[in-house]
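Student: Mind having a look at this structure? Questions to follow.
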Amino acid sequence: DTAVSQTPKYLVTQMGNDKSIKCEQNLGHDTMYWYKQDSKKFLKIMFSYNNKELIINETVPNRFSPKSPDKAHLNLHINSLELGDSAVYFCASSHQQVLNTEAFFGQGTRLTVV
Amino acid sequence: AQSVSQHNHHVILSEAASLELGCNYSYGGTVNLFWYVQYPGQHLQLLLKYFSGDPLVKGIKGFEAEFIKSKFSFNLRKPSVQWSDTAEYFCAVNARGNNRLAFGKGNQVVVIP
């Protein structure tokens, strides 16, 4: 059983295209995240949702739009893809209502924009 | 907002050598502390965590970390590394009750057989 699953694992696309990455967690967590890992392996939070509500929105271009249809899913849609969007995108989840909690990560989606 | 510093981004050592990776954070309140490991081509996995209690925590694969509150540090150690420990190691900090998990820039560790 995969706790946090992302699809697709690899995504190669041309500049200017629109693409989506999906994330699902079966842990019963109430909070989900998107992180971007650049070529230097630096991990930076992009968005966080708690019970389908956006609670963290870092300085991310508005071409990136997260959508949470329910608390088990957090999808990431990217419009007008640019070369600089190439990175590995990690979805994660945690249980915010539990004081001491850890985040569980998905396998990552390696996005390559050509 | 909390921030995390990891130094010596690239670490190369031989099998059986001891490893210590430093992690310092800046946040004055109560924190939860984590070390995650990312093996080549894989996702992040939790190595160990500290919430409260004994400041010396033991994780998987022989790793341990010590929380020193006065130094705002949470250094990771392993007495004798193996080739399979080659990976990227990330320290992360979460202010208690905050949704934000802040990561350090990571340490790339290469263990030479």
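Student: If a residue must be in contact with an Asp or Glu (Cβ under 6 Å, 6 or more places away or on another chain) and modelled with pLDDT of 90 or more, how many such residues does the range A:46-70 contain?
Tutor: 1
Student: Which ones in the range B:31-55 are farther than 17 Å from B:K105 by Cβ and either touching a residue at least 40 places away in the same chain (Cβ under 8 Å) or of a type in the set (A, V, I, L, M) (or both)? Step through it out loud before you land on a result.
Tutor: Initial filter on the range B:31-55 (farther than 17 Å from B:K105 by Cβ): B:31-32, B:39-43, B:45-46, B:48-55.
Hits for the range B:31-55 are B:V31, B:N32, B:Y39, B:P40, B:L46, B:L48.
Student: Going through the range B:86-108 one residue at a time, which ones are closer than 15 Å to B:L13 by Cα and either open to solvent by 20 Å² or more (accessible area, probe 1.4 Å) or not aromatic (F, W, Y) (or both)? Can you show your working first?
Tutor: Keep residues of the range B:86-108 that are closer than 15 Å to B:L13 by Cα, which gives B:86-89, B:107-108.
Listed by number, the residues that qualify are B:T86, B:A87, B:E88, B:N107, B:Q108.
Student: Which ones in the range A:1-54 are more than 14 Å from the chain's Cα centre (by Cα), within 15 Å of A:G106 (Cβ to Cβ) and open to solvent by less than 20 Å² (accessible area, probe 1.4 Å)?
Tutor: Residue satisfying the conditions is A:H29 alone.
Every residue, every condition in (1) touching an Asp or Glu at 6+ places or on another chain (Cβ under 6 Å); (2) small (G, A, S); (3) touching a residue at least 40 places away in the same chain (Cβ under 8 Å), yes or no:
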site	(1), (2), (3)
B:A17	no, yes, yes
B:G22	no, yes, yes
B:G29	no, yes, yes
B:K58	yes, no, no
B:G62	no, yes, no
B:I68	no, no, no
B:F72	no, no, yes
B:C91	no, no, yes
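Student: Just checking, how many residues over the range B:26-85 are open to solvent by 30 Å² or more (accessible area, probe 1.4 Å), within 12 Å of another protein chain (Cβ to nearest Cβ) and part of a strand (DSSP E or B)?
Tutor: Total meeting the criteria: 3.
Student: Another question about this same structure. How about the range A:1-53: which of its residues are within 14 Å of chain B (Cβ to nearest Cβ), small (G, A, S) and assigned to a strand (DSSP E or B)?
Tutor: Once the filter is applied, which keeps residues that are within 14 Å of chain B (Cβ to nearest Cβ), small (G, A, S) and assigned to a strand (DSSP E or B), the range A:1-53 yields A:S5, A:S48.
Student: Provide a single number: the residues in the range A:54-73 that are assigned to a strand (DSSP E or B) and farther than 17 Å from A:T101 by Cβ. Show your work before the answer.
Tutor: Filtering the range A:54-73 down to residues assigned to a strand (DSSP E or B) leaves A:54-57, A:64-70, A:73.
Filter once more, keeping what is farther than 17 Å from A:T101 by Cβ: A:54, A:57, A:64-70, A:73.
Here the count works out to 10.
Student: I'd like the full set of residues that are touching a Phe, Trp or Tyr at 6+ places or on another chain (Cβ under 7 Å) and either small (G, A, S) or open to solvent by 80 Å² or more (accessible area, probe 1.4 Å) (or both), limited to the range B:4-25.
Tutor: Kept after step one, since they are touching a Phe, Trp or Tyr at 6+ places or on another chain (Cβ under 7 Å), are these residues of the range B:4-25: B:4, B:15, B:21, B:23-25.
Residue satisfying the conditions is B:E15 alone.
Student: Please go through the range B:1-25 and pick out each residue that is within 17 Å of the chain's Cα centre (by Cα) and part of a loop (DSSP other than H, G, I, E, B).
Tutor: Correct list: B:Q2, B:H7, B:N8, B:H9, B:S18, B:G22.
Student: Test each condition in (1) within 14 Å of another protein chain (Cβ to nearest Cβ); (2) modelled with pLDDT of 90 or more for A:H95 and report the one that comes out false.
Tutor: (2)
Student: Restricting to the range A:74-114, give me the number of residues that are open to solvent by 50 Å² or more (accessible area, probe 1.4 Å), of a type in the set (A, V, I, L, M, F, W, C) and part of a strand (DSSP E or B).
Tutor: Final tally of qualifying residues: 1.
Student: Kindly indicate whether any position in the range B:39-46 is among the aromatic types (F, W, Y) and at pLDDT 95 or above. Don't jump to the end; show me each part of the working.
Tutor: We begin by selecting, within the range B:39-46, every residue among the aromatic types (F, W, Y); these are B:39.
From what's left, at pLDDT 95 or above: none.
Scanning the range B:39-46, I find no residue that is among the aromatic types (F, W, Y) and at pLDDT 95 or above, so the answer is no.
The values are calculated or read from the model by the stated rules, or taken from the named source; none is laboratory data. Just so you know, these numbers come straight off a predicted model, no measurement behind them. Neighbour counts run over all protein chains shown; Cβ positions are idealised from the backbone, glycine included. These area figures cover heavy atoms from the full protein model, side chains too; ligands, DNA and RNA do not enter into them. Shrake-Rupley method; radii C 1.70, N 1.55, O 1.52, S 1.80 Å.
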